[in-house]
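Take a look at the structure set out below.
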Amino acid sequence: MMIITVIFFVLLGAVLGAALGYASSVFKVESNPLVDEIEALMPGGQCGQCGVAGCRQAAEAMVRGELNPNACPLGGQSLTQTIADLLGVSVEMGEEDIQWVAKVNEADCSGCGRCYKACPFDAIVGATKQMHTVISDVCTGCKLCTQVCPQDCLTMVQVEPDTRTWFWPKPQQAATANAAA
Amino acid sequence: MLNLLSRPFRGGIHPESYKTLTNGSGIDRFFWPRNVFLSLQLRNGATLTPLVKAGDSVTRGQLIASGRNDMVAPLHAPVNGIVTGITPHFSSHPSKVKCDTIIIRANSDRRWGETHPQQNYLALSSEQIIERVREAGIVGLGGAGFPTVVKLQFARKGGAHTLVINGGECEPYLTCDDVAMQEYAPEIIAGVKLLMIASGTKKAIIGVEDNKPNALAQLTSAASEDDAIEVRAAPSIYPMGSERHLIKFLTGAEVPTGGHAGMVGVLVHNIATARAVYQATRFRRPLVSRVITVSGKGIGAPRNVEVPVGTPVNEVIEYCGGVKESTSRLLFGGPMMGQVISSPYIPIDKTVGGILALTDDEVKTREQTECIRCGQCVRACPMGLMPFQMAAYARLSDFSKTEELGVNHCLSCGACSYVCPASLPLVQYFQFAKGSINANRLKAQRSATARALNEERVQRLEREAAAKAAAKAAKAAARKARPARGKVKETEND
């Protein structure tokens, strides 16, 4: 009896799956290739920091012109510039391009593992009931982990420039140059 | 037109050289530091692993830190003494970022930790020389600090045919290469021979600017018995010491834009590097000290000093008579390409060629005005770029346009800023633009990593879910197959 049930459900699943697969190829909705292109550029963390549900929705909103190309804080200025070039719009570039990363206050970590599960980039390592930590080279600063931590021990810190990322600041403009511009 | 014909390359300037402050007095070899600070992070961000700990006593020439590969030259103790700690300290990088630094308190013993029996060093094979250069931690002493061993291996693989030895030293004030050529000419020639054996090059040309007649005479006489080594005087035009421009003048070959010297079969080394190779090969002495020029009108007693690597700036300046009150700026390197010293406790690393203390009348701050499109910067640019146009885009932070105009080919030589009648900080704009472009590239790499990780994670979660479902189904099936053994179910569930 039980075996028949199992077989029935497996078959049902297979049939429905095949039907769905067929439908998806027959009734395929042509999407804007620009949206696909922008979505492919985005980090894909679905963090929602842009104010839209996910990366795909954000790309659609950008193509529709409802969302500024600089809305994705994870991508930073390089992403903004690439998207603006794709869309053919000009954006105002801020001088500051700050990279944030999450940091675990390790003394308070209870090892619950929720941040590990929340991280879309696998940038958090640790085992259950063990201390967790953030791989700061990989963290995009999406803040999803800070929302789930029951100990409130995840904070966002600014990445200090090191010898690889530091560069000379923009020279001061003379007062006359400012007045003329 | 005549003016154009007599020039060895397009562009270039003739700044006041101020070399007479230090070029007649030889090398002062009596300086010895109290403490040395050896940074464990190189300028390009690569890190070294320390092999000593606080409290260890080290001997001069002892290996104290090693890198992961040949791109990171190992560090040796420049003095005899005791490691007092490994703590964050300023490095010579302009960012003022602190990085882990081995601090050694020096004692007054200047002997080398170990001595090796001498042998006929000119009979060594190419591999043996390369190995000794690697062990000695030699980097290019002209300023870029690229590991010599990597350059030699590239040249060997790429079949380089000519070795160019750079004795250009076109920066004003700096005379450390000049005096080294005067005092160590035989050692430099021996080093050149070793470099030729190691790299497999058949010919060597030593290019020296013609404002150093004594150095030229010494080198010519030292090289006279070897037909493969040629010493040539080059006209004194800034930036003659640029690798690309020296190659163009000496061999006539033009290094392709964005390319490197190896593409035209040339290997370039600085004369100080040649001497270091000689020391490393013949005496197995690692690179632990270098000759630097301490000059400028703000220095009490300007001179060339041999300093152990890692000596902080303040100890060297103190030894050279301190700075005068009129000093307004301290620089590492020459006035054209040098960088401001932000703290007197910054140590000298292997790539620093000079310390300058410039007084108010040498700095000559002029007020910055608008660009008048005179085009003098275009004429001065040795790379054939349009500095005024690039600066305009850099000012607007439009880096794609700046890049299109070739800012990445800019040498940062500063010739454009030197001639600009409006005193625009042109080269500073290019430094900023190059840094921003690089930072954006790193950021793009970072988000590409994030995207790849995210995709892998999504796939992993799917796999895990599938595996879980499969395990559940298998378990259910197993339970079904053995309905009578319900009692052991609890242990199975575990």
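Observations
- Per residue of chain A, the DSSP helices (runs of n ≥ 4 H) give a summed -39500 (n - 2.57) that works out to -12000 deg cm²/dmol at 222 nm.
- Value of relative contact order over chain A, rounded to a whole percent, pairs C-alpha under 8 Å and six or more apart: 16
- Positive end of the dipole of segment B:367-474 (Cβ unit charges, origin at the Cα centre): among B:Ala448, B:Val458, B:Gln368, the Cα lying farthest that way belongs to B:Val458.
- Loop-resident sites, segment A:1-98, for trypsin sites (Lys or Arg not before Pro), counting at most 14 other Cβ within 10 Å (DSSP): A:Lys28
- Net charge, A:Ala58 excluded, C-beta distance under 15 Å - Lys, Arg +1, Asp, Glu -1: -2
- Helix B:426-481 and the longest principal axis of the Cα set of chain B meet at an angle near 20°.
- If you plug the beta carbon distance of B:Glu462 and B:Met71 into 1/(1 + (r/R0)^6) with R0 = 60 Å, you get a FRET efficiency near 0.95.
- By the beta carbon rule, with partners counted only under 4.7 Å, chain A holds these lone Cys residues: A:Cys50, A:Cys55, A:Cys72, A:Cys109, A:Cys112, A:Cys119, A:Cys139, A:Cys149, A:Cys153.
- Spatial separation of Cα centroids for segment B:169-194 and segment B:9-48, in angstrom: 13
- Options A:Pro73, A:Leu34, A:Met2, ranked by Cα towards positive dipole end of segment A:2-78, top entry (Cβ charges): A:Met2
- For A:Ser110, net neighbour charge (Lys/Arg +1, Asp/Glu -1) across residues whose Cβ lies under 13 Å away: -1
- Cβ-based exposure ranking for B:Arg395, B:Arg111, B:Arg105, B:Arg132, in which fewest neighbours within 10 Å come first: B:Arg111, B:Arg105, B:Arg395, B:Arg132
- The Cα atoms of chain A give a gyration tensor whose axes a ≥ b ≥ c have a/c of 1.5 or more with a/b no greater than b/c, which makes the shape oblate.
- GluC sites (Glu not before Pro), loop per DSSP, at most 15 other Cβ atoms within 10 Å - longest free stretch of chain A: A:107-181
- Using a cutoff of 8 angstrom between alpha carbon atoms and counting only pairs six or more residues apart, the relative contact order for chain B works out to 16 percent.
- Cα gyration tensor category, rounded, prolate or oblate, for segment B:204-262 with a/c compared to 1.5: oblate
- The dipole here belongs to segment A:100-158: it is taken about the Cα centre, uses +1 on the Cβ of Lys and Arg and -1 on the Cβ of Asp and Glu, and is about 140 debye.
- Estimated [θ] at 222 nm from DSSP helical runs (n ≥ 4, -39500 (n - 2.57)) normalised by residues in chain B, nearest 500: -11000 deg cm²/dmol
- Each part reduced to its alpha carbon centroid, segment B:303-329 and segment A:123-169 end up 42 Å apart.
- Among A:Val29, A:Val125, A:Val148, the residue with the largest mean-square fluctuation in a Gaussian network model of chain A, with springs joining Cα atoms closer than 10 Å, is A:Val29.
- Degrees between helix A:2-26 axis and first principal axis of chain A (Cα, 0 to 90, nearest 10): 50
- Segment B:259-282 and segment B:91-133: distance between their alpha carbon centers, rounded to Å: 17
- Cross-link pairs B:Lys324/B:Lys350; B:Lys53/B:Lys157; A:Lys129/B:Lys96 - those with Cα-Cα distance over 30 Å: B:Lys53/B:Lys157; A:Lys129/B:Lys96
- Tensor-based shape of segment B:180-285 (alpha-carbon gyration tensor, a/c under 1.5 rounded, otherwise prolate or oblate): oblate
- Degrees separating the helix A:55-64 axis from the principal Cα axis of chain A, which is the longest one: 60
- Taking GluC sites (Glu not before Pro) in DSSP loop states with no more than 14 other Cβ atoms inside 10 Å as exposed sites, chain B has its longest site-free stretch at B:371-494.
Laboratory data are not the source of any read-out in this text; all were calculated from the coordinates shown. Bear in mind that the values here come from a model prediction, so they are computed numbers and not experimental data. Cβ sites come from the backbone with ideal geometry, for glycine too, and all protein chains shown count toward neighbours.
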